[in-house]
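Input: a single structure, listed below in C-alpha cells.
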Amino acid sequence: MIRVVLTEIGIFLIPFVLYAAFLIATRSAMLHRASWPLRVVGWLVATALVLVIVSLLLLVHYSGAPPGSTYVPAHLENGRLVPGVEK
C-alpha cells in the first residue's frame, strides 16, 4: 500500500520538479518568491491533480483480475507454499 501512495506522491510532484528544472535551466532564482507566482503554482497544482487522477484511473483499469475470475488464495500443498492465482 505504501508503494502506491509514494507513487502517487511522486506523480503529483512531477510538474513542480519540471518547473524547478526549467528555472535552473534559465538561470532564474529558483528559491526567489518572484519565480513562483501564485498563477504558476495554481497551474502546477491543477496539472498535478490531473496527472494523479489519470494515474489512478489507469491503475484501476489495468490492474487486478479480469471480470468473472475466481481468486484462489495462497495455500500449503505437501509442505510447500503455493501462491494465490486467478482462475
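Throughout, read-outs are computed from the coordinates displayed, never taken from laboratory work. Just so we're clear, the structure is a prediction, and the values are computed from it rather than from any experiment. FYI the Cβ positions are ideal-geometry reconstructions off the backbone, even for glycines, and counts take in every protein chain you see.
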Q: Identify the trypsin sites (Lys or Arg not before Pro) of region 4-53 meeting these criteria: DSSP loop state and at most 11 other C-beta atoms within 10 Å of the C-beta.
A: R27
Q. Among F12, F22, which comes first, second and so on when ranked by fewest other beta-carbon atoms within 10 Å?
A. F22, F12
Q: Report relative contact order for region 33-86 in percent, whole number only (criteria: Cα-Cα under 8 Å, sequence separation at least 6).
A: 21
Q) Using Cα atoms only, what is the angle between the long axis of helix 2-25 and the major principal axis of the chain, expressed in degrees (0 to 90) to the nearest 10? A) 20
Q: Quickly work out the M1-to-T26 label distance, labels modelled 7 Å from Cα along the C-beta direction, and quote it in nm with one decimal.
A: 4.2
**Q.** For the chain, calculated [θ]222 nm from helices alone, where every DSSP H run of n ≥ 4 adds -39500 (n - 2.57)
**A.** -20000 deg cm²/dmol
(Q) If I model a spin label at L76 and L13 as a point 7 Å from the Cα along the Cα→Cβ vector, what separation in nanometres do I get? (A) 4.2
(Q) To make sure I understand, if each residue's beta carbon is the centre and we count other beta carbons within 10 Å, what order do Y19, Y62 fall in, fewest to most? (A) Y62, Y19
Q. How do T26, T7 line up, fewest other C-beta atoms within 10 Å first?
A. T26, T7
